[in-house]
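Enquirer: So that we are looking at the same thing, I have put the structure below in structure tokens.
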Amino acid sequence: MHAGRALSVVAGISLVYDLAIGLALLAATDRFASLFGVVVPEPRTFVTLLGVFLVCVGLGYLQPMRDPARHRAYMWIFGVLLKTAGAAVFIGYYIAGDAPSSYLLFAATDGSLALATLAAIGLPIHLARKGEV
């Protein structure tokens with residue numbers, strides 16, 4: 001599998017992941033929080049903003065999914081940098097004792113997606129004519 005196809009696949013998975021979590025935070029905040037053993041902060045402003053942010057990031061993956069060569073920067077910023085930072089934050093808060101073990105699920109998924117994105121970016125670039133990637 002060449003880099004273009006691999007990046008498209010990873011972008012599609014990331015789209016579904018971020019969109020699903022964002023929509024769950026917006027539409028079922030209390031239920032989603034209870035699944036992970038946390039309380040919803042009051043006011044809910046930051047939870048709502050996080051939901052909106054994740055929906056937008058998820059939708060942003062449409063561009064690299066369709067044209068991965070042209071939108072590699074998005075994958076570096078949101079697929080590698082943001083997902084790695086997210087995994088590190090979840091792990092850091094867990095180690096400090098400020099987060100339940102359920103947060104390690106997010107650390108694992110964010111970390112796995114970051115590694116998958118990095119691997120896909122590192123594959124040999126297929127320099128093809130338009131329409132072959």
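Enquirer: 7 Å from Cα along Cα→Cβ at both Leu50 and Ala119: what's the point-to-point distance in nm?
Expert: 2.8
Enquirer: Additional query: Report, in deg cm²/dmol and to the nearest 500, the calculated mean residue ellipticity at 222 nm for the chain, where each DSSP H run with n ≥ 4 adds -39500 (n - 2.57) and the sum is divided by the residue count.
Expert: -21000 deg cm²/dmol
Enquirer: Quick one: 3J(HN,Hα) in Hz for the range 61-72, Karplus 6.51/-1.76/1.60 with θ = phi - 60°, rounded, Gly and Pro as x.
Expert: 3J(HN,Hα) across the range 61-72, in whole Hz: 5, 4, 4, x, 5, 7, 9, x, 5, 6, 10, 4.
Enquirer: Nearest 20 debye, what's the magnitude of the dipole of the range 3-122 about its Cα centre given +1 on Lys and Arg Cβ and -1 on Asp and Glu Cβ?
Expert: 420
Enquirer: Output ³J(HN,Hα) for the range 101-113: one whole-Hz value per residue in order, computed from phi by the Karplus curve 6.51 cos²θ - 1.76 cosθ + 1.60 with θ = phi - 60°, and x for Gly and Pro.
Expert: 4, 4, 5, 5, 4, 5, 4, 5, 6, 4, x, 5, 5
Enquirer: Given 4 °C and 1.567 mPa s, compute D for the chain with the Stokes-Einstein relation, Rh being the Kirkwood radius over Cα pairs; round to the nearest whole µm²/s.
Expert: 83
Enquirer: Shifting gears a bit: Bin all alpha-carbon pair distances of the range 3-59 at 5 Å intervals from 0 and give each bin's fraction as a whole percent.
Expert: 4, 21, 23, 20, 13, 8, 6, 3, 1
Where a number appears in this text, it was derived from the coordinates with a stated rule and is not lab data. Please read all numbers here as calculations on a predicted model, not as lab measurements. Cβ: placed from backbone, ideal geometry, glycine included. Neighbour counts: every protein chain shown.
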